[in-house]
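Here the structure is laid out as structure tokens; the discussion comes afterwards.
The values are calculated or read from the model by the stated rules, or taken from the named source; none is laboratory data. This one's a predicted model, so the numbers in the text were calculated from it and none came from an experiment. The protein model used for the area step is the full one, side chains on, heavy atoms only, and it has no ligands, DNA or RNA in it. Shrake-Rupley method; radii C 1.70, N 1.55, O 1.52, S 1.80 Å.
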Amino acid sequence: SDITFLKIVFHVWYDGAKVLHWKQVLCSGTDDEYSVCDMLKGETLVEEFDIKGSRTSFPKGNYNIIVQGFSDDSENNMIICLNFTMIVKEDVF
């Protein structure tokens, strides 16, 4: 369906422990700032955005990341799901 509402949920795991859980409503149908809002079904979704708030420094290692997009606030209607590994090769020190 067309994107009139979009909620993004990030889950990040390191060594089996959850290190980050972040939720953000990107599109609510009014005064949306992202170009992905009001896209039509079948269009290619390309967007970048900052996670607002405190920055997280990730130590060296492999992180399992799941990014989910929902078309409702209850998180029942998933429209996108990405599962990938982030590899941090150097410590931040």
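Quick look at the numbers
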quantity: Accessible surface of the chain, 1.4 Å probe, proportion on carbon and sulfur as whole %; calculated: 49
quantity: Solvent exposure, largest accessible area first (probe 1.4 Å, DNA, RNA and ligands not counted), of Tyr63, Tyr14, Tyr34; calculated: Tyr14, Tyr34, Tyr63
quantity: Most mobile of Ser57, Ser28, Ser71 in a GNM of the chain (Cα contacts under 10 Å); calculated: Ser57
quantity: Pairs of lysines in region 6-88 (C-alpha under 22 Å apart; 8 or more residues apart or interchain); calculated: 7
quantity: Accessible area of Met86 in the full protein assembly, 1.4 Å probe (Å², nearest 10); calculated: 60
quantity: Calculated on alpha-carbon atoms, Rg and Dmax of the chain in Å; calculated: 15.0, 46
